[in-house]
Structure formats: structure tokens, C-alpha cells
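Reviewing the structure listed below.
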Amino acid sequence: MRPAVRHNLKRKFAQTLDLPPSVVLDQAVIHILGDGEVQIVNHKGLVQYTAACVKARAVQGMIEVSGSELEIASFSAQQMKIRGRIRQVMLK
Amino acid sequence: MTALLWLWWQGYVTVRLRGVGIERVLNGAAQAGVALFQVQRLTADVVLARIPARDFRRLRLLLRQAANGPRIHVTILDRHGFPFLLRQFSRRAFLAVGLGLSALALFYLANFVWFIEVVGADAMTVELIKAVVEETGLRSGVLRSSLDARRIEQRLLERLPHLAWAHVKNQGVRVEIQVMERESAELDAQGAGHVYAKRDGLITELLVLQGTPQVREGDTVRQDDLLISGMYYDRQGRRQFGAARGVVKARVWYQAVGEASLVRWEPQKTGRSHRQYRLTVGPFSIPLGRSYPRDNHLVSTKNWQLYLGQAMAPVSWTRINYEEVLWEAVPVPMTEAERTAYELAWESLLNQGVERDNVLEERRTVEYLTDAHGIRVTVQVEVLEDIGQFLGQ
């Protein structure tokens, strides 16, 4: 079965049974708290980390958090919490 | 916050990762179950991170196993948390015991009242309030739990009628007593009564606002003589009894005596000095070293008080210096002794209520006390003042 078809099927399954898509589709969840904190749950690994930019891989693509004085407050296989002066959160 | 507390409890290390492609290591560590905290990028090839102390070996093993790619070096910069603290203290057992005892002593001493402050009263009433409060058992060093604020407030209002309101506020080791004094007009609510003389004097001016005058200008009156009666006749000719009011100015005489010695004893230091220390914890004072008699030693003290932030802890350290002296008699010039005695006499006059501006005439008599090597100055003053005093019936 092609990946696009499998993805569509999973989405419909989640919608029908009212299940959270983040669980069924393995998608990343991004919480933004003001301009000081971003939490990414279900990431697929850190790609780049500098004080101005943090890039993380996700099922949807690349999540890019940019700003200044960025610090990874906590980092584990499932989630990461980024603190600092957040200016932009992009999904590429 | 909870995660950081848990991390502190478990013990954690600050590690420095140096090399190119540190992100790869961070991903590997996370996949291996090593949680990282406060990851900071310092330079292009240096990252600081905090990891649980027990995971450090796993991280190092990961770095060794990662053969492909550039090499990453890891160094422990610092160790934090309870296990490391415990290890430190195990090497310095007495410090740990001392800290524990200090903490216990602080907890114990915090159960007592150490400071009592009165707010809203003038200086004289403050002493009075403290004395009344002491009768209820509230004094420095009593248990906080034994305080009954309501009872103290009631006692204060019963014993001190000039207080309109009292509130006892318990603020940890400090008790604040807030009071409000009554206005004086409130106290002597003007009922019916007469005006009496509060001193002997010669009346020079009489102004009656209400009542019937019982004396005239030029009369000599004694203390407690009736000056203005509250009995009077109103416009309809009816006899009334009300509050007598008026101004009765009279020449009044005051006398005071001041004495001064013609010999002054001055201390001459012998050069020998001693030192004593004193540790004070609440009401307890522990002297370290012997003390010396004060009659032949000059005593100077220096005190160090322990502060916990803004609050003053009931612990202080005092250094007492004793300097041995011999007392030598030095003659005092006659003029200086006379001036001192005169000032003492005037101080006594001021305490009697004499105001310098109201003095009409002043007489001074000087006597020499041959047996006591001193001088006595008697000052008599004549002042003009209102001697009327209203007494209600």
C-alpha cells in the first residue's frame, strides 16, 4: 500500500473513532507559550541547534524555531522544550 | 520545576561536549534514554548540558561507540545535587552536624516571641503599654502558641482608658501592638464644674467666659482656691450650674536648686587591658572569659548581630574591652562649677513646667559647701501663667 493512501486511511480512521491524530498519525504537537517557550512533542530528532535557531525533524517535515538566546531546557526522545526569545516557528 | 527538583535529588552533572555535529550525539543520547536538561550552545563546537549523574557512563559509552563521524569529547565541569552534597558532608561531619543543629535551633527559637513593638503611641505611653502587656505574660522569650491576642487587647483597654483601640498582631517572632489614643477633648467632656487654682500666685489678669468670678485682679491665691464658680444667672435671671470657663493669669514663683562639685574625678589609663566575649542566644547569655570590676575599669563593647535577610535573629556576639584606670581628682574652676549647678537648677525648673519666655524676673543665690567641696545655686523665677484648672463635678 502506498504511503499516501496509508496516511489517508489512518486519518479517516482517527476521525471516525474520534482518536487524537497526533497519536494515530504520529504527528508532532507544538505548544507555544508566549514568546519565551516552545514545546515540541513527538519530534523525530534534532537537526541543528544554535543560539539563534533550533531545527527538529517531524513526520510533517522540518520544524524550525528561530529567535535569540535559545536554550534547550529539556531534551528526550519524545519531546524537547526550547526557551529563549522566540521570534518565529515555521513548519517546512 | 518538579523535574529539576527530582534531578537535584538524584544528582546531576554539567558536561561540556566539544566537537562538530553535537546534535547527532544529543539524538543518540535521547534515543538511549538519557534525558538532557538546560542544553546551552556556547560556541560553534561547544555545548553545555546537564544530565543525571547515573547516565554519564552511558553517554561516554555512546560517544566511544560512535565510530563514524568526527570525534566528540565530553568533560564533566561540575557536580550538583543531593548525593554529591551528602558526599561532601561525609568528609566534613562536624560542618553537617553544626548546620543541622543550627537549623534545629532556628526552628526551635522561631517558636518564641523575641521582639515586642508598639505602634501608634507616644514614647511615655509605650513604656506603660509594655508594662501592662507584660502583666498578661507577653514578654520577650515566651512561646508564640501561648499568646492570646484577644485577652491582651482587652486588658490594654481596661487598664489604659486613654486608649481608644488596641490590636495585637503576631508576626512570627515579632509581636506588633497597634494602638490608637483618645483625643484629650474626648477625655474631659465638659460637664458642670468650677475653675480652681493649680498653683499659688498673684492674679494679674482675669477673663471670665462663663461662670461667676470668685477673685479679683491683685488677689493672692493659694493652690486649690476657687477662682471661677460654675454657678451663674442666665439672661432670664434663673440660677444655672454649668462649666466655668475663663483665663486667670497670675504671677507665680518657682524655685529650684542645683549642685555641682568643685572636684572632678578623671580616669587615667594604666595601660593594662583585658578582653571578654559574650554569645547571646535569645534570653541566654554565655560569657567567654572573666569580667573585671567596673569601678577601676573603663568598659567598651562592640556588638555583632546576626541577620537572616531583613529579619534580625536573636543571636549576637559581643566583644567587651576592659581598660584598667586609676581615678585622679582634678579641681574644677569655680565659674564652671557655678555654671553647671545653675544649668541643673534650670533643668529642674523646666521639669516643673517653667517656660523661659514667660519669666518676668529671676534671682540667683550661690552657696559654697565647704564640707562637700561643692557649690549650690538656688534659682528663683517669677513667671506669668494661666493658673486656672477646670474640675468637673
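Every read-out reported here was derived from the displayed coordinates using simple, explicitly stated rules and does not represent laboratory data. Quick caveat, the model's predicted, so the values are computed rather than measured. When we count neighbours, we look across all protein chains shown, and the Cβ atoms used for this are built from the backbone with ideal geometry, even at glycine.
A Förster distance of 41 Å, applied to the separation of the beta-carbon atoms of A:Gln88 and B:Phe82, puts the FRET efficiency at 0.55. 3J(HN,Hα) along the range B:348-360, derived from phi through the Karplus expression 6.51 cos²θ - 1.76 cosθ + 1.60 where θ = phi - 60°, amounts to 5, 5, 5, 5, 7, x, 6, 10, 4, 5, 8, 6, 8 Hz, with x in place of Gly and Pro.
Could you pull out the pairs from A:Lys10/A:Lys55; B:Lys269/B:Lys302; B:Lys130/B:Lys302 whose alpha carbons sit more than 24 Å apart here? Cα-Cα > 24 Å for A:Lys10/A:Lys55; B:Lys130/B:Lys302; rest within. With both labels modelled 7 Å from their Cα along Cα-to-Cβ, the B:Asp225 to B:Ser90 distance reads 9.7 nm. Using the Cβ of B:Thr318 as centre and a radius below 14 Å, the other residues enclosed give a net charge of +4, where K and R count +1 and D and E count -1. Spin-label pair A:Ala52-A:His7: with each label point 7 Å from Cα along the Cα-Cβ axis, the two points sit 3.2 nm from one another. For B:Trp165, the residues whose modelled amide H falls within less than 5 Å of its own, excluding neighbours fewer than 5 places apart on the same chain, are B:Met180. Summarising the amide proton neighbourhood of B:Gly81: residues at separation of 5 or more, or on other chains, whose placed amide H is nearer than 5 Å comprise B:Tyr12. Here is the list for the range B:248-328: trypsin sites (Lys or Arg not before Pro) lying in DSSP coil, each with at most 16 other C-beta atoms within 10 angstrom of its C-beta, are B:Arg290.
Put the Cα centre of the range B:263-283 next to the Cα centre of the range B:1-63 and the gap is 62 Å. In summary, the aspartates and glutamates within cross-link reach of A:Lys81, defined as a Cα separation below 12 angstrom excluding same-chain residues under 8 places away, comprise A:Glu37, A:Glu71. Separation of the range B:191-215 from the range B:317-393 is 32 Å, based on Cα centroids. In order along the range B:384-389, phi translates into HN-Hα couplings of 9, 8, 7, 9, x, 9 Hz, rounded to whole numbers, per the Karplus curve 6.51 cos²θ - 1.76 cosθ + 1.60 with θ = phi - 60° and x for Gly and Pro. FRET efficiency for the B:Trp8 to B:Ser146 pair, using the beta carbon distance and R₀ = 41 Å, is estimated at 0.60.
Do any GluC sites (Glu not before Pro) in the range B:319-388 lie in a loop, going by DSSP, with at most 13 other beta-carbon atoms within 10 Å of their beta carbon, and if so which?
Working: sites: B:Glu323, B:Glu324, B:Glu328, B:Glu336, B:Glu338, B:Glu343, B:Glu347, B:Glu355, B:Glu361, B:Glu362, B:Glu367, B:Glu382, B:Glu385; in loops: B:Glu355.
Listed in order of number, the matching sites are B:Glu355.
Sequentially through the range B:83-100, phi angles give Karplus couplings (6.51, -1.76, 1.60; θ = phi - 60°) of x, 6, 4, 4, 5, 5, 5, 5, 7, 10, 4, 5, 4, 4, 4, x, 5, x Hz, Gly and Pro residues having no value and appearing as x.
Ranking B:Gly21, B:Leu349, B:Thr370 by how far each Cα lies toward the positive end of the dipole of chain B (charges on Cβ) leaves B:Gly21 at the top. Here the extension length gained between B:Asp295 and B:Glu127 equals 57.4 nm, from 0.36 nm per residue of separation less the Cα-Cα distance. Dipole of the range B:115-185 computed with +1 at Lys/Arg Cβ and -1 at Asp/Glu Cβ about the Cα centre; of B:Val142, B:Val119, B:Ala166, farthest Cα towards the positive end is B:Val142. R0 = 51 Å: FRET efficiency of B:Ala103 with B:Asp200, Cβ-based, nearest 0.05? The calculated FRET efficiency here is 0.15.
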